[in-house]
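Novice: I'd like to ask some things about the structure below.
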Amino acid sequence: MLTRMYEPRNLETPVGQLAPAGKLNTPNEFFFTRSHFAQPKLDAATWKVKVEGHVENPLEFTLDDLKKLPQSSKTITLECGGNGRVFLVPAVRGLQWGFGGASTAEWAGVALSEILERAKPKAGAIEVILVGADAGPVNSDPTSPGPVAFDRSISLEKAMKPETLLAMQMNGEVLSQGHGFPVRAVVGGYYGMASVKWLTRILVVDRPYAGFWQTFDYSVFERRNGLPHLRAVAQMEPKAILTSHESGQSVSGAQPIRFQGLAWSGERAVAKVELSTDGGATWAAAELPEKQLGEFAWVRWQFDWKVPKAGLAKVVARCTDAAGNTQPEKRDIDRRTYAINHWIPIELIVK
Ligand SMILES: Nc1nc2c(c(=O)[nH]1)N[C@H]1C(S)=C(S)[C@@H](COP(=O)(O)O)O[C@H]1N2
Ligand SMILES: [Mo]
């Protein structure tokens, strides 16, 4: 793993391990790690999650209670909202992720809807706040009002969708401490910050939540009637990355060059991936040799460059999703330091 920060632990996946050899899931030991505070050590025997707030029926669930509810599983890609930040020009503050602040797993546990159906949100409930057990003061500017827990709200509508899980397992193994043991939220289609680890409290509310992690942090500008206003980072933007080659590599152009990579897009399926070897001047369609495991999981793409041209090749892939959204050429400053999906060509020397 590439250590982006030692304490708290922030580890980037080497590009070759994102979905190695025939598998689309990231091996658990290579799943990237993003933590804002020291990782809490929770005891499975005493762990509980409280469901409270604007509900008819406040509840508590132990781990055994969760295991007795109907179980579900889904393959879901998580990408950190700041993945790709190292490519921003000029440089910005924040963890300097390259391409590997994203990973995919099969998550298993209980749909959050099962919990909410039992707690019965009252009329007027609009959001669900997911609260983690980790907390601390945030000293970067703007600072937090003393220690704050890591938390995040999602709409009640998103909370009721089948892609919003309380996961106890990833890829068939019990969650590791670093990935949220014993229970984490996984919010399919959203950037990683919504997938709250070490979950201990689920708070249903009847007004929009403007917590630290969706205002000062993890927010982007959106323009309405020409006026920029902040909104919380949510759905992942379409993205295709190259996993077969690295910038600066020399390759032989004597035979065709096979490029491979991964592509995904929030709540929408990948419709097509295109590849350019000239920095985006011309594009050709890539193949999607394997079936996408649902719209919340990345898919592999492949492209054979049949007649490689000698010289410097600027290779860039671009993903277009089922709703027609595609990757922009240039960085949009409204996105602050998040949702980075503009073209980032890698340079190959073709000999
Ligand atoms: N409790 C808690 N949950 C958290 C975080 C955190 O710091 N604390 N980081 C979030 C962010 S920003 C991301 S990208 C994902 C990363 O999940 P992973 O570490 O399992 O890859 O967890 C999210 N959930
Ligand atoms: Mo993140």
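The values are calculated or read from the model by the stated rules, or taken from the named source; none is laboratory data. Computed from a predicted structure; not experimentally measured. In this analysis, Cβ positions are derived from the backbone assuming ideal geometry, glycine residues included, and neighbour counts consider all displayed protein chains. Accessible surface is based on the protein model in full, side chains and every heavy atom, while ligands, DNA and RNA are left aside. Shrake-Rupley method; radii C 1.70, N 1.55, O 1.52, S 1.80 Å.
Novice: log10 I(q)/I(0), Debye, Cα-only segment 239-350, no solvent, q = 0.11, 0.17, 0.22, 0.23 Å⁻¹?
Specialist: -0.35, -0.80, -1.21, -1.29
Novice: Over the chain, what is the mean sequence separation of C-alpha contacts under 8 Å (at least six apart), divided by residue count, expressed as relative contact order in percent?
Specialist: For the chain, the relative contact order is 16 percent.
Novice: If r is the Cβ-Cβ distance from residue 126 to residue 330 and R0 is 41 Å, what FRET efficiency results, to the nearest 0.05?
Specialist: 0.70
Novice: Oh, and also: Please identify the trypsin sites (Lys or Arg not before Pro) of segment 101-201 that satisfy two criteria: DSSP loop assignment and at most 15 other Cβ atoms within 10 Å. Which are they?
Specialist: Hits after loop and neighbour filter: 122.
Novice: While we're here: Applying 1/(1 + (r/R0)^6) with R0 = 35 Å to the Cβ-Cβ distance of residue 43 and residue 1, what FRET efficiency is obtained, to the nearest 0.05?
Specialist: After rounding, the FRET efficiency stands at 0.85.
Novice: Also: Whenever you get a sec, compute what percent of the accessible area on the chain sits on carbon and sulfur atoms (1.4 Å probe).
Specialist: Roughly 53 percent, rounded to a whole number.
Novice: Additional query: For labels at residue 56 and residue 349 in the simple 7 Å Cα→Cβ model, what's the distance in nm?
Specialist: Once both label points are built, they end up 7.0 nm from each other.
Novice: Right, something else. How do 7, 12, 237 stack up against each other in accessible area, from largest to smallest, with a 1.4 angstrom probe?
Specialist: The most accessible residue leads, giving 7, 237, 12.
Novice: Calculate how large, on average over all directions, the projected area of the Cα convex hull of the chain is; give the answer in nm² to one decimal.
Specialist: Over every viewing direction, the Cα hull of the chain projects on average to 18.3 nm².
Novice: Right, another one. Sort 46, 277, 326, 33 by accessible area with a 1.4 Å probe, largest first.
Specialist: Largest accessible area first, the residues go 46, 326, 277, 33.
Novice: Do any trypsin sites (Lys or Arg not before Pro) in segment 53-115 lie in a loop, going by DSSP, with at most 13 other beta-carbon atoms within 10 Å of their beta carbon, and if so which?
Specialist: 93
Novice: Suppose all protein chains stay in the model; what accessible area per residue would a 1.4 Å probe give for the chain, in Å²?
Specialist: Normalised by residue count, the accessible surface of the chain is 44 Å².
Novice: Here's a follow-up. Heavy atoms only, probe 1.4 angstrom, no DNA, RNA or ligands counted: give me 151, 206 ranked by accessible area, highest first.
Specialist: 206, 151
Novice: Follow-up question, since we're still on this one. Work out, step by step, the length gained on full extension between residue 231 and residue 322: first 0.36 nm times the residue separation, then minus their alpha carbon distance; give nm to one decimal.
Specialist: 30.4 nm
Novice: Consider a paramagnetic label point 7 Å from the Cα of residue 223 along Cα→Cβ; state which residues of segment 231-246 have an amide N under 16 Å from it.
Specialist: 231, by backbone N distance to the label point.
Novice: In nanometres, what is the gap between the two model label sites at residue 155 and residue 171, each 7 Å from Cα along Cα-to-Cβ?
Specialist: Rounded to a tenth, the inter-label distance reads 3.3 nm.
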